[in-house]
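Before any comments, here is the structure.
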Amino acid sequence: MNTINELIEKYNRPGPRYTSYPPVPYWQGTPDEVTWINHLNTSYDPEKGIDLYVHVPFCESLCYYCGCSRIITKDHSVEKRYLAMVIKEWALYEERLGFTPNINSLHFGGGTPTFLSAAHLDLLIKTLTKNKLPQFIGSIEIDPRTCQTDHLDVLAKNGITRVSLGIQDFDPIVQEAIHRHQSPEMVKLLVEKIRERGINSINFDLIYGLPKQSLNSISGTIETVIKLNPELIAFYSYAHLPEKIKNQRLINDSDLPSPKLKRELYELGKKLLQENGYHDVGMDHFAKPGSYLYQAKKEDNLHRNFMGYVDKKSPILLGLGPTSISDSSLSFIQNIKDVKSYEDKVNANQLPIQKGHVHSKNDLMVQDIILELMCRNETTLNDTSLPYWDDVFKELKDFEADGILELEHNKLKLSELGKVFVRNVAMSFDFHLREQRTAVKFSQTI
Ligand SMILES: C[S@@+](CC[C@H](N)C(=O)[O-])C[C@H]1O[C@@H](n2cnc3c(N)ncnc32)[C@H](O)[C@@H]1O
Ligand code: SF4
């Protein structure tokens, strides 16, 4: 049997993160507007409503590592036009569908949603949640550097109960190397204010593999995190793709930890989190007992969408704003990325669809398997008519020989060690990747 380091050497290679299947680079067959609206109508269930995602593409300052879709500006006059566009896009959907959908959840992502003033955020939430379902859940990504008390008042007043803070790392030397300064004291104060307002689900985003990180700096960061006691932690692997993401070229390659050290940073972080009451609930995610992700994992009710892990999911995810992705259960679409082109399209009374993908039967079969692997670490293989089944099966047997998974009859179960390689196992089922192996750049799987 190989050691974990040998296995990492063997399997660490570029691969999709599988926030969707098929991954965006392999989409083909964009649905036209009529087909897209038909798909939404077919999948809509008034009791389950829809999940809304709103992409706010602005940030005041550039973090060098950032792989998100955003525009850096300090000019807040962009807010008004942005708000008008998103509200118009929503009105186009209401008009095309012929009804105002019930809202199961609303999530603000970015960029930086707290770039918007509290008054604008208030207006946006109120406009989009006229038909809130009783089980409504509101969530938002917060940059601690731009979040003011009046933002928190608006969130609390509008039933936004889940917040995610971009922390990344507390070490001053790492913060300097990534061009993102935020002190533990400032975050502590913000956490207190959030809790005072009854918002009691706080997530921290952390990243390992950043420039200048060391075992010492990671343990210092985790120690501070533990004191602040967020309910949830996303501990992401730094995805470094400087050929594709220009701003990452501002990071010195020589400051990056080696693949071996990067792995050790993760292992140390994970150990410290687990020793302090956090449970590993899924790829990169840790949760305290009592948190919604812990509960969902316990009740075998964890789901995954473009934003990550969730406990509840409706058949429709509708994304508003530039770059946003939508899922009708029958197809995906992504909005136009360029803000000006997005605006022109919306102003011309057209849905701002840039690209999409209509699912085939095989897509849906593989989508199910990959979701099960990511959420439950196991799956049932009922259908050997899966594309490239002979090749898939051979690869699964190799994974089994390496102790990554167990195959028993039609059950596939990842071992404890195998959870690290979940993206590699998912890649075996990914027939789009098999057919176009060389064309697209992805981050390393481990
Ligand atoms: C939209 S940002 C969060 C909200 C806000 N913009 C902020 O940074 O505070 C989403 C998260 O993506 C993660 N992220 C961004 N670029 C990344 C990269 N290259 N590799 C891994 N994670 C990354 C960060 O943890 C970040 O908090
Ligand atoms: S990490 Fe967040 S704040 Fe930093 S540039 Fe990216 S989206 Fe903006």
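Computed from the coordinates by the stated procedures, all read-outs in this text should not be read as laboratory data. These figures come from a predicted structure and were not determined experimentally. Methodologically, a virtual Cβ is constructed for each residue, glycine included, from the backbone with ideal geometry; neighbour enumeration extends over all protein chains shown.
Each part reduced to its alpha carbon centroid, the stretch 358-376 and the stretch 138-216 end up 33 Å apart. For the chain, the share of DSSP beta bridges that are antiparallel, to the nearest 5, is 45%. For the stretch 240-281, the set of GluC sites (Glu not before Pro) satisfying both a DSSP loop assignment and a count of at most 10 other C-beta atoms within 10 Å is given as Glu243. Mean-square fluctuations from a GNM of the chain, with a 10 angstrom spring cutoff on Cα atoms, peak among Met307, Met85, Met365 at Met307. May I ask you to sort Lys227, Lys270 by Cβ crowding, counting other Cβ atoms within 10 Å and putting the fewest first? Listed from fewest to most nearby Cβ atoms, that is Lys227, Lys270. Fewest neighbouring Cβ atoms within 10 Å first, the residues Glu299, Glu231, Glu9 line up as Glu299, Glu9, Glu231.
Pairs from the list Lys126/Lys361; Lys270/Lys397; Lys288/Lys411; Lys48/Lys297; Lys297/Lys337; Lys74/Lys297 with a Cα-Cα gap above 32 Å: Lys126/Lys361; Lys297/Lys337; Lys74/Lys297. Counting only aspartates and glutamates at least 8 places from Lys355 when in the same chain, those with an alpha carbon closer than 15 Å to its own are Asp32, Glu33, Asp327, Asp338. Between His179, His55, His357, the Gaussian network model of the chain with springs among Cα atoms under 10 angstrom shows the greatest mean-square fluctuation at His179. Of Lys188/Lys212; Lys188/Lys345; Lys157/Lys298; Lys212/Lys244; Lys157/Lys227; Lys130/Lys312, which sit over 32 Å apart, Cα to Cα? Lys188/Lys345, as the Cα separations exceed 32 Å there.
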